[in-house]
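Novice: So that we are looking at the same thing, I have put the structure below in structure tokens.
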Amino acid sequence: MLRLGSIDLDCPAVMGILNTTPDSFSDGGRFTNPTKALSHAEQMVTGGAAIIDIGGESTRPGAQAVGEQEEIDRVVPVIEAVHGAVDVPISVDTSKPGVMRAAVAAGASMINDVRALRMDGALEAAAELQQPVCLMHMLGQPRTMQQDPQYDDVVGAVTQFLRDRVAQCRQAGLGKDLIVIDPGFGFGKTPADNIELLANLRQLLDIGPPVLIGVSRKSTLGAITGREVDGRLSASITAAVLAVERGAQIIRAHDVAETVDALRVTRAVIESDSNK
């Protein structure tokens, strides 16, 4: 049985997105109130979410930076409320070591870091906390990452970066069962880069840790379909299915119930095919 902490990854796990930010690209401002955030978390768990990912700083292109204390003030009350009400692990979406410590103390049991523990003190904090960590690839910084990103070989560059970060985390004391990797769709990548990464996702499996992807409602899907953020459900589910077919084990999604249903069908077909 493949596990990440308490999470069973023998079947694809859906990570429900819960942003406590006023400016996230899809749901900014909707769940800044802990009561509304808790209600949404409960709805996602009912829909089949295996993890709730709570974030207090938007990482969309051009978003404003948030101070550590403000981020703590945004996420800790929500983590405490959700932790006391639902029976699934809580992830904190942060790069700041102080937020990591405060979130884990409040009930979080996973760290989801778009900077792959490269902020000063983050690797040390993760090694101290000994909770599962998701390491994501990002070219540049959120404020500027979409300003003409360029690669000679995007799949090779992302794979090597994640391989190096996994090695550094292992050296710092994080066990292999505490590490997840994420190619970072939309983080310093063009739509063509994102499609190439999705098409070649199996290459990341050779690194070893489980693969998480987050493509839900993202701009690449809008570029392909011509639809605005709220009209990208079908495209998001299609991308999730393609990712699971290529070996992804965690799907980060806004539309949890619909994604869970699609992945149950996907998994049933994969299992039937493997039994032949």
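Novice: Taking the stated definitions as given, is A103 closer than 21 Å to A41 by Cβ, small (G, A, S) and out of contact with any Leu (no Cβ under 9 Å at 6 or more places or on another chain)? Even if it seems obvious, please write down each step before you answer.
Specialist: Working: closer than 21 Å to A41 by Cβ: yes; small (G, A, S): yes; out of contact with any Leu (no Cβ under 9 Å at 6 or more places or on another chain): yes.
When the stated conditions are applied, A103 passes them.
Novice: For region 175-276, which helices (runs of 4 or more DSSP H) that fit wholly inside it have 3 or more residues that are out of contact with any Gly (no Cβ under 7 Å at 6 or more places or on another chain), more than 20 Å from I54 (Cβ to Cβ) and modelled with pLDDT of 95 or more?
Specialist: 191-199, 219-225, 233-245, 256-274
Novice: Further question on the same structure: Of all residues in region 193-213, how many are free of Cβ contacts under 8 Å to residues at least 40 places away in the same chain and in contact with a strand residue (DSSP E or B) (Cβ under 7 Å, 6 or more places away or on another chain)?
Specialist: Going through region 193-213 one residue at a time, the tally reaches 2.
Novice: Could you tell me whether any residue of region 64-81 is touching a Leu at 6+ places or on another chain (Cβ under 6 Å), crowded, with 24+ Cβ neighbours inside 10 Å and of a type in the set (A, V, I, L, M, F, W, C)?
Specialist: No, because not a single residue in region 64-81 is touching a Leu at 6+ places or on another chain (Cβ under 6 Å), crowded, with 24+ Cβ neighbours inside 10 Å and of a type in the set (A, V, I, L, M, F, W, C).
Novice: Modelled with pLDDT of 90 or more and either assigned to a helix (DSSP H, G or I) or not hydroxyl-bearing (S, T, Y) (or both): does that describe M145?
Specialist: Criteria not met by M145.
Novice: Just to be sure I understand the filter: pairs with C-beta atoms under 8 Å, separated by 6 or more residues or on different chains, first member in region 83-111 and closer than 22 Å to P210 by Cα, second member among the basic types (K, R). Which pairs pass?
Specialist: Going by the 8 Å Cβ cut-off, the qualifying pairs are S95/R115; S95/R118.
Novice: If I ask for residues that are of a type in the set (K, R) and out of contact with any Ser or Thr (no Cβ under 9 Å at 6 or more places or on another chain), which ones from region 175-224 would you list?
Specialist: Within region 175-224, K176, R202 qualify.
Novice: Which of the following residues is touching a residue at least 60 places away in the same chain (Cβ under 8 Å) and not small (G, A, S): I237, I251?
Specialist: Working: I237 fails: touching a residue at least 60 places away in the same chain (Cβ under 8 Å).
The match here is I251.
Novice: Right, next: Could you tell me which residue of region 1-34 is nearest to I72 (Cα to Cα), considering only residues that are hydrophobic (A, V, I, L, M, F, W, C) and at pLDDT below 60? Please lay out each step first, then the result.
Specialist: Taking region 1-34 and keeping what is hydrophobic (A, V, I, L, M, F, W, C), we get 1-2, 4, 7, 9, 11, 13-15, 17-18, 25, 31.
Still in the list and also at pLDDT below 60: 1-2, 25.
On the way: M1: 35, L2: 32, F25: 20 Å.
If we take residues in region 1-34 being hydrophobic (A, V, I, L, M, F, W, C) and at pLDDT below 60, then F25 is nearest to I72 (Cα to Cα).
The values are calculated or read from the model by the stated rules, or taken from the named source; none is laboratory data. A quick note: this is a predicted structure, and the numbers were derived from the prediction, not measured. With ideal geometry, Cβ positions are generated from the backbone for all residues, glycine too; neighbour counts draw on all protein chains shown.
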